[in-house]
Amino acid sequence: MKEKIQILINEEELQKRIKEIALEIKNDFNGEEVVFCSVLKGAVFFTVDLMKNYDGDCSLECVRVSSYEGENSTGKITLKIPLKKENIEGKNIVIVEDIVDTGRTFKYLVEYIKDFNPKCVKTCTLLDKKARRVVQFDADYVGFSIDDLFVIGYGLDYDEKYRNLPYIAIVKND
Ligand code: 5GP
């Protein structure tokens, strides 16, 4: 690893908060089945731990969109792996994201999923960079609010590297 990195949220803090979110979702759905819709690739690690801590009926679907290249959002959302209508229609959907930045990805996905007539759509993100919003968006479940920093680890990449770190970190440019 060439770059110097600094831990922002350690493994213990992540796992503690994920347990709390899993319980919050379980209580909100009151025993009804939930479909966790994981946004590839970044949300994979978070989705796995969230579901492992979710003590209720649930299933998993995955969708892939892209908007980022390197450290910059291109602003244009492209659907790379779509969902199937039969897996969404009439169901309680929780979209699981790694991070909300401009808000464009979530806004796009909520509208995309609503077209499949789900019973309800909720949004869940591990990290939230509120200061960077371009479109108005508030997630229903937020793990941690963070400053305007480019973060890596626990699914989040820098040009496809660092997803395997078990914590959230920042790259130090000195
Ligand atoms: P938005 O559409 O809200 O601008 O961006 C959401 C997506 O941008 C996230 O799913 C993630 O892939 C990427 N992203 C935003 N901020 C960061 C960041 O700090 N680090 C990394 N690795 N990806 C980010």
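What pairs from Lys122/Lys161; Lys41/Lys114; Lys41/Lys122; Lys80/Lys161 go past 26 Å between their alpha carbons? Walk me through the intermediate numbers first.
Details: Lys122/Lys161 29 Å; Lys41/Lys114 22 Å; Lys41/Lys122 19 Å; Lys80/Lys161 20 Å.
Flagged as over cut-off: Lys122/Lys161.
Less than 5 angstrom separates the built amide H of Tyr141 from those of Thr123, Cys124, Thr125, all sequence-distant by 5 or more or on a different chain. Local charge for Ile25 was computed over the other residues whose Cβ lies under 15 Å away, with Lys and Arg +1 and Asp and Glu -1, and equals -3. Modelled this way, with points 7 Å down the Cα-to-C-beta line, the labels at Lys119 and Lys161 are 4.6 nm from one another. Estimated at the nearest 10 Å², the accessible area of Glu160 is 100 Å² with a 1.4 Å probe. Looking at the stretch 10-124, the accessible area is 51 square angstrom per residue; that uses a 1.4 Å probe and ignores ligands, DNA and RNA.
The local environment of Gly155, defined by Cβ-Cβ distances under 11 Å, has a net charge of -2 under the rule Lys, Arg +1 and Asp, Glu -1. Residue by residue, the stretch 146-154 carries 3J(HN,Hα) couplings of 10, 6, 6, 10, 7, 10, 9, x, 6 Hz when phi is fed to the Karplus relation 6.51 cos²θ - 1.76 cosθ + 1.60 (θ = phi - 60°); x denotes Gly or Pro. Calculate what fraction, in whole %, of the accessible area of the chain sits on carbon and sulfur atoms when a 1.4 Å probe is rolled over the protein chains. About 46 percent, which is the carbon plus sulfur part of the accessible surface. Scalar couplings 3J(HN,Hα) for the stretch 102-119, obtained by applying the Karplus form with A = 6.51, B = -1.76, C = 1.60 to θ = phi - 60°, are 6, x, 5, 5, 5, 4, 4, 5, 4, 5, 4, 6, 4, 5, 8, 6, x, 5 Hz; x denotes Gly and Pro. Our summary gives the stretch 94-163 a relative contact order of 31 percent, counting only alpha carbon pairs under 8 angstrom and 6 or more residues apart.
The values are calculated or read from the model by the stated rules, or taken from the named source; none is laboratory data. The structure displayed is predicted, hence computed values, not measured ones. Reconstructed Cβ throughout: ideal geometry from the backbone, glycine too, with neighbour counts over all protein chains shown. Note: accessible area is taken over every heavy atom of the protein model, side chains too, but ligands, DNA and RNA are not part of it. Shrake-Rupley method; radii C 1.70, N 1.55, O 1.52, S 1.80 Å.
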